[in-house]
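Remarks on the structure that follows.
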Amino acid sequence: MNDVRAWQYSVKYSRRKTIGIYVSAESGVEVRVPHFVSRREADDFVASKQEWIEKQLANFASRPARFEPCFQWGEAFYFLGEKQVFHWQDVAGVDLVLSGKADDPTDKIEAMVQRWFRQQALTLFTERHDWWRSQMGSLLDLPQSTLQQRSMKRRWGTCRRNGKIILNSNLARYPLNCVDVVIVHELCHLLEFNHSRRFYHLMDQVMPDWKQHDEMLNRLSLLY
Ligand SMILES: [Zn+2]
C-alpha cells in the first residue's frame, strides 16, 4: 500500500517506549520511535493515524501565520500592539529612524532594533509598575517590589518572595492592557504567593476585567 500523500514525515529514533506522532507548524510531522520498532512498523503506525495527522495539518494551514520580524530597513516589528516601521532614513511611512547606514547587515540592524526595544520596554514596564503600585497602594498594604526584564520562553512574568518582579521583554509587543494584566498579576503575588482563590479575589478587586485582558494576550501571542 503506497498512497501518495501531500505530506511527508520524519522518523526520529529515541529512548522512548512507545511511538509518538508530533505535528507542528515549524517541523511538520515528526514520528518518534523506540529503538526496537522497525521502520516498517513505524510506517504502518503513521498510516493508521493518517486522518488525525491530516486534521492537525489542516488546522495549521487555516491559522494565519505568526508574524516574524525581518531585520531589513523598511520592515517592522510590534511595540504596544502597533507595527513600527524602522529605517535608517526618515522617509514616508517610517515610524522609527535608527542611526544606521543603508548597507548595514541584518545582524547589526537586529541589534539596533533590539536595543531600542529593550530600552523602551523597560521604560514602559517601570511606568506601569509604578502606576499600578500607586493605584493598589491606596487599597492595600503592598510590600516593596523591584523590576527587571528578561527575554523568557515560557512565561510573561515571575515574582519572587523578595519582591523581585521579572517581566518578559517580549510582553512590550502587545497592547497596554496586555502589559498591565501581567504587571497586576505579579503585583498581586506580593500579597498572595500562589494562585489560590484569595489571589484571584485580589485580581478581581484591582482589575475586574483581568480575564478579558489575559485572553487577549493569549490570542495575540499566537499572531505576533
Ligand atoms: Zn502567577
Within the range 181-224, residues out of contact with any strand residue (DSSP E or B) (no Cβ under 9 Å at 6 or more places or on another chain), within 15 Å of the ligand (Cβ to nearest atom) and either in a loop (DSSP other than H, G, I, E, B) or among the aliphatic types (A, V, I, L, M) (or both) come out as Val181, Val184, Leu191, Glu192, Asn194, His195, Ser196, Leu202, Met203, Val206, Met207, Leu217
Cross-chain or 6+ apart pairs with Cβ under 9 Å, the range 82-95 first and at positive phi, then of a type in the set (A, V, I, L, M) and surrounded by 13 or more Cβ atoms within 10 Å (Cβ to Cβ):
Gly93/Val85
Could you list, in sequence order, the residues of the range 92-123 that are surrounded by fewer than 16 Cβ atoms within 10 Å (Cβ to Cβ), more than 23 Å from the chain's Cα centre (by Cα) and hydrophobic (A, V, I, L, M, F, W, C)?
Ala92, Val97, Ala102
How many residues does the range 112-134 hold that are within 16 Å of the ligand (Cβ to nearest atom) and either outside the structural domain of His185 (by TED's automatic domain parsing) or touching a Gly at 6+ places or on another chain (Cβ under 7 Å) (or both)?
0
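Go through the range 135-180 and tell me which strands (runs of 3 or more DSSP E), entirely inside it, have 1 or more residues that are away from the ligand (no atom under 16 Å from the Cβ) and either under 21 Å from the mean Cα position of the chain (by Cα) or not assigned by TED's automatic domain parsing to the domain that holds His195 (or both).
Correct list: 146-150.
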Just checking, how many residues over the range 53-68 are in contact (Cβ under 8 Å) with a residue 12 or more places away in the chain and more than 16 Å from Leu222 (Cβ to Cβ)?
3
Regarding the range 133-142, can at least one residue be identified that is among the hydrophobic types (A, V, I, L, M, F, W, C), loosely packed, with under 12 Cβ neighbours inside 10 Å and out of contact with any His (no Cβ under 6 Å at 6 or more places or on another chain)?
yes
With a cut-off of at least 2 residues that are more than 23 Å from the chain's Cα centre (by Cα) and either surrounded by 11 or more Cβ atoms within 10 Å (Cβ to Cβ) or not hydrophobic (A, V, I, L, M, F, W, C) (or both), name the strands (runs of 3 or more DSSP E) lying wholly within the range 1-90.
9-14, 20-24, 28-34
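The values are calculated or read from the model by the stated rules, or taken from the named source; none is laboratory data. These numbers come from a predicted model, not from an experiment. Cβ sites come from the backbone with ideal geometry, for glycine too, and all protein chains shown count toward neighbours.
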